[in-house]
Structures are given as C-alpha cells and as structure tokens.
Amino acid sequence: MPRDLTDALAAGPGCPATGPFTGPLSGVKVLDLSRVLAGPYCCMVLADLGADVVKVERPGVGDDTRHWGPPFHGDDAAYFFSVNRDRRSLCLDLTTSAGLAVVCRLAEEADVVVENFLPRHFTAFGLDRLRDKGTAVWVSVRGAGGDGPDGDKPGYDVMAQARSGLMSVTGTTEPTRSGIAIADVVTGLYAAVGAVAGLVSRRPLQIEVGLLETAVATLVNQASNALIGGVVPGPIGNTHPNLAPYGPLRCADTPLVIGAGNDGQFADLCTALGIVPLAGWATNAGRLADRAAMTLALETALAARTAREWVSVLAEHGVPCAAVQDLGQLPTDPQLVATGQLQTLPHPAGAVTLVGSPYRLDGIRPRVRTAPPTLGQHTDEVLTSLGLSADQIAGLTA
C-alpha cells in the first residue's frame, strides 16, 4: 500500500456523522460490513434509533440483494430497498491492502461493527485481529453459532427454517417455508439488541448470532410443547396448537381472523354472534377438545354477514379480529395511513415508498431520513472525510 495513503488515513479527521440525527442512538457510528438480510436489518434498526451507518460494498457488484429481482427500481432490486435505508454506501475492495486499510480506519472510528463473513474469510482479511484490539462493539451474524460443529459453514434463512423444525410446523400438508425470511429478520433483531447491549456495557463486546439458533428460538410454545409435553406436531396450517378459537373463520364472503385469548373474550364472542355456547366450551381446554363442533357453530353464525361487517360488530364487544388483507391493500389501511409507517422518499430513480420503523419514541415515529443509496453513492464523501486527496481516492477506486 502506498505510504502516502497510509499517512493520510492516520492523519485524517475520521468519518464524521452526516447528522445530527435524533433518537437515542444519535452520535453512534455503525460500520456495516454485512450483506443480504440479517446484518443489514440489524443496521436498519440501529439507524431507526438515530445511529449513523456507513455500508461497505464490493465495487461493481455491491450487496447481493441489489440483484435479487425483479422487481427493480432503477438499477437495484426492490429487495435491497427493504432493509438498506438511512446509510451511506462506500465501495471498497477488501482483497487489497488499501481497501483493508480504509476499513481498519473506519472500524477505529466506529462504535459498532456489523459483519457476516464466513469465519475463514473473516480471519483471512485480518478482521479478527482488528476486532480483538479495537474498542468497538463487534456483531457477527453466522449461519450457525461458532461454538458448534457447523459454525464455519455458510447458511441462508431457508436452511435455518428447515433444520430448526420451523418448516415442519408451517403449512398444511407438507413442510413449508415461511412467506418471509423470518430467521433472517429475527436474527437481525437479536443482533441489534446485542449491539445496544454492547453500547450500554461501554466495553468492546463481541457478539455472535446464528441463524439456526435464532430459528430455534422463534419456536417458543411449539418448542416447549415438544420438549416438555412430548408433542411433536406436523404442519398445523392456521390451527393454533394451544388456543381456540384463534385463526380464520369463514364468513359470508371471506374469512375473518378471530382470536379469543381467554374465556371472557370467548364469552363476548358468543354474545356478539348470538349463539349459546355448550357448557364444555367455557374453558380453553374444553374448546380445544371440541374444536370441530365449536368451529362449526361459530362459522354458521358468521355466515350471516361479511367479514367487514363482523369487524365492526366484534369491535363493539371488544373481541380481537382482523380481516385478511393482501399487501396491495396496505397503502390504504387507515391505521397505517394514520401512523405514517409507509413513507415516500426521493431517489435518483424516482420517488420510492418504504416501510418505516414500527417504533414510537416519546410518541413520535422515526422518519426515514434517506432512501437506500445507489452503489458507491458516498464513496468520495466518506474517503474525503478520512483525509484522502482526490488523487488518492482515484487510485483507491480505480
């Protein structure tokens, strides 16, 4: 690596925040060395809370999900837009000494570093040494935990869903993948919680989250049913293993999802529907034992009105329910419109609508600050802030 580049990085002022941002993590610098979903999702949560995120991507290629389309918006797939808002994109080739030197400098400035390299690549890049001597909180996302025999193997969400048993309880007739990458999403959330824990501890904590272990953690009551009760279910579709009624019931037009979480709510449901429940239905155990007959009685009453009509009736009786919507109906959902969770932002390819944060902080929902960046959009900005000259930047990005 040229000596002048080394000197410039050592003497440069460091990568400043683009804020000031608002939120509890305002002033926190996050270096995002991850790609695909779980790692970027973690960084998105931190950005929603006010952190300043710089994302490092491969020159000419970028994050894998930029190519996971159609659909596309400009040069990038819609998939990429789902988890890469509110960050700057910097293109660096980590297989070069100069690229690694810049990453090292950014890591020195960062409060949190998030990465999802294969362990052997992490070590080959020398990032293990950087992590061990640094002061940042390091968050590592893996296919499986490093304390097991498969910790060094690659893994995607669908493998975690399969091996964890999650697929075995999803669907109706055969093991089915969830409609979203649930293992990735929850791993990202665990990773974000770990990052915040590291910031609170005020020490260079090393955090690792495995997709497999996270998928097992999502099984909650199903895992307990198997481990404690010896009940190993197959695909259960929309039937809840421990609660009834809890799921879609047929109305005059479309199904309506109804949940009676306790005996009082079931009694209120019966009142709203004008039916007299059997004595055995007074308890959840009784309803589970006689689920078929109970469901028939409920659906017979529900057949008198449409799902939307029943939503209004059941709301008056305090019974939790929801009509089944498709994603095309979300922009006009009155709750989402009122809360402003769907936000439209400018982008070089044209305005784009994104799903914003579910948080409310002191009664205010965080606004999405910027749409996801184009590949390398902030390379010059970030490298200049590190103290590199135009010639040095040109040599580094050629």
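The values are calculated or read from the model by the stated rules, or taken from the named source; none is laboratory data. Every value quoted in this text rests on a predicted model; they were computed, and no experiment measured them. Neighbour counts run over all protein chains shown; Cβ positions are idealised from the backbone, glycine included.
Looking only at helices (runs of 4 or more DSSP H) that fall completely inside the range 333-398, which ones have 2 or more residues that are touching a Pro at 6+ places or on another chain (Cβ under 8 Å)?
On the way: elements: 334-339, 379-385, 390-397.
By residue number, 390-397.
Within the range 107-138, being β-branched (V, I, T) and buried (at least 18 other Cβ atoms within 10 Å of the Cβ) holds for V112, V113, V114, V137. Looking across the range 139-182 at every residue that is β-branched (V, I, T) and touching a Pro at 6+ places or on another chain (Cβ under 7 Å), the one that is surrounded by the fewest Cβ atoms within 10 Å (Cβ to Cβ) is identified as T173.
A197 - would you say it is surrounded by 15 or more Cβ atoms within 10 Å (Cβ to Cβ), of a type in the set (G, A, S) and at negative phi? No: the conditions fail for A197. The single condition among (1) buried (at least 19 other Cβ atoms within 10 Å of the Cβ); (2) farther than 20 Å from V56 by Cα that R203 does not meet is (1). The strands (runs of 3 or more DSSP E) falling completely within the range 39-118 that include 2 or more residues that are farther than 24 Å from P154 by Cβ and assigned by TED's automatic domain parsing to the domain that holds V186 map to 52-57, 88-91.
Here the helices (runs of 4 or more DSSP H) wholly within the range 193-273 that include at least 2 residues being at pLDDT 95 or above, closer than 19 Å to E316 by Cα and more than 29 Å from the chain's Cα centre (by Cα) are 263-273. Looking across N225, N238, one residue alone is among the polar types (S, T, N, Q) and either buried (at least 16 other Cβ atoms within 10 Å of the Cβ) or assigned by TED's automatic domain parsing to the domain that holds G39 (or both). It is N225. If you filter the range 153-181 down to residues that are of a type in the set (G, A, S) and in a loop (DSSP other than H, G, I, E, B), you find that the one that is nearest to S82 (Cα to Cα) is A181.
Could you pull out the residue among D150, D132, D184, D128 that is of a type outside the set (S, T, Y) and part of a loop (DSSP other than H, G, I, E, B)? The match here is D150.
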